[in-house]
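Some notes on the structure that comes next.
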Amino acid sequence: MRNSSEIDVSERFERHRQPWTQDEIQKLHTLAKKGMALKAIAKALTRSEESVKDRAKADGLSIAKLR
């Protein structure tokens, strides 16, 4: 039996392994420069936090960490 978090994850991130569009990359840069948190950026882009983190790292962006 699957628990609810497994179902949520599969529904939330249907775009698994999809290439980043130029539009998304631009939005990522904008949101990261505004100091938005990783979780909020991931939600805004409908991407996983891991995906956003990897892309930001590849582009040399730093993302604010919430404490």
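The values are calculated or read from the model by the stated rules, or taken from the named source; none is laboratory data. It should be emphasised that the depicted structure is a prediction, and the values quoted were computed from it without experimental measurement. Heads up, the Cβs are rebuilt from the backbone with ideal geometry, glycines too, and the neighbour counts pull from every protein chain shown. Surface areas here come from the heavy atoms of the whole protein model, side chains and all, with no ligands, DNA or RNA. Shrake-Rupley method; radii C 1.70, N 1.55, O 1.52, S 1.80 Å.
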### Query
Which of the following residues is part of a helix (DSSP H, G or I), modelled with pLDDT of 90 or more and surrounded by 10 or more Cβ atoms within 10 Å (Cβ to Cβ): Glu24, Glu6?
Glu24
## Note on the structure
Looking across segment 30-42 at residues that are touching a helix residue (DSSP H, G or I) at 6+ places or on another chain (Cβ under 9 Å) and open to solvent by 50 Å² or more (accessible area, probe 1.4 Å), the single one that is farthest from Ala64 (Cα to Cα) is Lys39
### Summary
Among residues of segment 46-67 being part of a loop (DSSP other than H, G, I, E, B) and not hydrophobic (A, V, I, L, M, F, W, C), the residue most open to solvent (accessible area, probe 1.4 Å) is Arg67
### Task
Could you please give the count of residues in segment 9-21 that are of a type in the set (Asp, Glu) and either on the phi > 0 side of the Ramachandran plot or modelled with pLDDT under 50 (or both)?
1
